[in-house]
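Asker: Before anything else, here's the structure in question.
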Amino acid sequence: MNEFSQIKTFIALVENHSLSKAAEKMDIAVSAVSRRLKELESNLGVQLIQRTTRKMHLTEAGEKFYLRCGHLLDELEEAKQEASNSATTLSGTLKIAAPLSFGVAHLSPAISAFMHLHPQIKIDLDMSDRRIDLVAEGLDLAIRIGTLEDSSLMARKLASVRHVVCASPDFLNRYGTPKTPEDLADMPALCYGNLDQPDTWHYRDKKSLPAKVKVPLRMRATNGDALVEAAVAGLGVLCEPSFIVHGAVERGVLIPVLTDYQWYAMNIYAVYPQTRHVPTRVRTFIDFLVSHFGDKPYWERFLSKGNDEK
């Protein structure tokens, strides 16, 4: 039995969680599944799966081997598609990681539209604000927002992000509308906790010179949507990306202030492992996101309206 058949059997066993289901999927006998696994483990000189009467678990070596082999089989399928001139019909699974707020509000609708265009594509989406190791977790790409760290990952810009200082009408009635960033030093602030200095807000002044202001921290949270809810309730002023606050601003429950200043400077990127062969489905999906969000994303329309009214 060649190694390729053994590896395919191992993958089927992991993904179906049982000998019988793997055998059914591959249309072979259960004994053949068991034999191929033993042969593979013997060839590698390591145990891949721990088996009991009721359950099976991947060993540490088995988990690493599964992640590597999964990518190899994906690339083989991709190569087969291209060789048969069927690359226009995308298939396979896209494994994606994205920040929670952006993922729920903006990436999820984009993914739905992409899946309608490509019915054979499957999606495995991990949404959280934790920083994920793409290679270790077997992901195809991740959406990242901010300044990229030096790494071996490839990156493509999807859109720019403007930050907006805003507060509820009630809050501004009680504290007054700030005229300069320094006025924020006297206002309770709602701060994003994943920044190195949540209570220090960075901006560029009207001469484009870098500056910062320290604000009195009233609430700290690692999720922007939670901060927006607190701001709508009149608990403080916040500085958040336009893609998070745009809905509340458009409804009139938050009012942008200090819009003549540039707060932070961030972009949204798609990052993916640097490999010799980037799967067509990954490249096509990134192209789709670039087109979908565009140079002027829909979540910044309220900023253009403000400029037009001036």
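Asker: Just wondering, is there one or more residues in segment 147-169 that are more than 18 Å from residue 285 (Cα to Cα), part of a helix (DSSP H, G or I), assigned by TED's automatic domain parsing to the domain that holds residue 213 and touching a residue at least 40 places away in the same chain (Cβ under 8 Å)?
Answerer: The answer is yes; a qualifying residue exists.
Asker: Do any helices (runs of 4 or more DSSP H) lying entirely in segment 1-63 carry at least 2 residues that are of a type in the set (D, E, K, R) and farther than 24 Å from residue 136 by Cβ, and which ones are they?
Answerer: Because the criterion is at least 2 residues that are of a type in the set (D, E, K, R) and farther than 24 Å from residue 136 by Cβ, the helices (runs of 4 or more DSSP H) in segment 1-63 that meet it are 19-26, 30-44.
Asker: Restricting attention to segment 190-218, which residues are surrounded by 17 or more Cβ atoms within 10 Å (Cβ to Cβ) and aliphatic (A, V, I, L, M)?
Answerer: Once the filter is applied, which keeps residues that are surrounded by 17 or more Cβ atoms within 10 Å (Cβ to Cβ) and aliphatic (A, V, I, L, M), segment 190-218 yields 190, 213, 215.
For (1) within 14 Å of residue 65 (Cβ to Cβ); (2) in contact with a His (Cβ under 8 Å, 6 or more places away or on another chain); (3) modelled with pLDDT of 85 or more, each residue gets a yes or a no:
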{"position": "6", "(1), (2), (3)": "yes, no, yes"}
{"position": "26", "(1), (2), (3)": "no, no, no"}
{"position": "29", "(1), (2), (3)": "no, no, yes"}
{"position": "44", "(1), (2), (3)": "yes, no, yes"}
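Asker: Based on this model, can you work out whether residue 42 counts as in contact (Cβ under 8 Å) with a residue 12 or more places away in the chain, within 20 Å of residue 61 (Cα to Cα) and surrounded by fewer than 19 Cβ atoms within 10 Å (Cβ to Cβ)?
Answerer: Answer is no for this residue.
Asker: Could you tell me whether segment 254-274 includes any residue that is in contact (Cβ under 8 Å) with a residue 60 or more places away in the chain, more than 30 Å from residue 140 (Cα to Cα) and out of contact with any strand residue (DSSP E or B) (no Cβ under 8 Å at 6 or more places or on another chain)?
Answerer: no
Asker: Name the pairs: first residue in segment 82-97 and at pLDDT 75 or above, second residue assigned to a loop (DSSP other than H, G, I, E, B) and loosely packed, with under 12 Cβ neighbours inside 10 Å, Cβ to Cβ under 7 Å, at least 6 apart or on different chains?
Answerer: The qualifying pairs are 89/120; 90/120; 91/120.
Asker: For residue 155, indicate whether it is small (Gly, Ala, Ser), surrounded by fewer than 19 Cβ atoms within 10 Å (Cβ to Cβ) and in contact with a helix residue (DSSP H, G or I) (Cβ under 9 Å, 6 or more places away or on another chain).
Answerer: no
Asker: While we're here: With respect to residue 261, determine if the residue is hydroxyl-bearing (Ser, Thr, Tyr) and crowded, with 20+ Cβ neighbours inside 10 Å.
Answerer: no
Asker: Out of the residues in segment 170-189 meeting the condition of being of a type outside the set (Val, Ile, Thr) and part of a loop (DSSP other than H, G, I, E, B), tell me which one is surrounded by the fewest Cβ atoms within 10 Å (Cβ to Cβ).
Answerer: If we take residues in segment 170-189 being of a type outside the set (Val, Ile, Thr) and part of a loop (DSSP other than H, G, I, E, B), then 179 is surrounded by the fewest Cβ atoms within 10 Å (Cβ to Cβ).
The values are calculated or read from the model by the stated rules, or taken from the named source; none is laboratory data. On a predicted model such as this, the values are computed, not experimentally measured, just so you know. Counting neighbours? That spans all protein chains shown, and the Cβs are built from the backbone with ideal geometry, glycine included.
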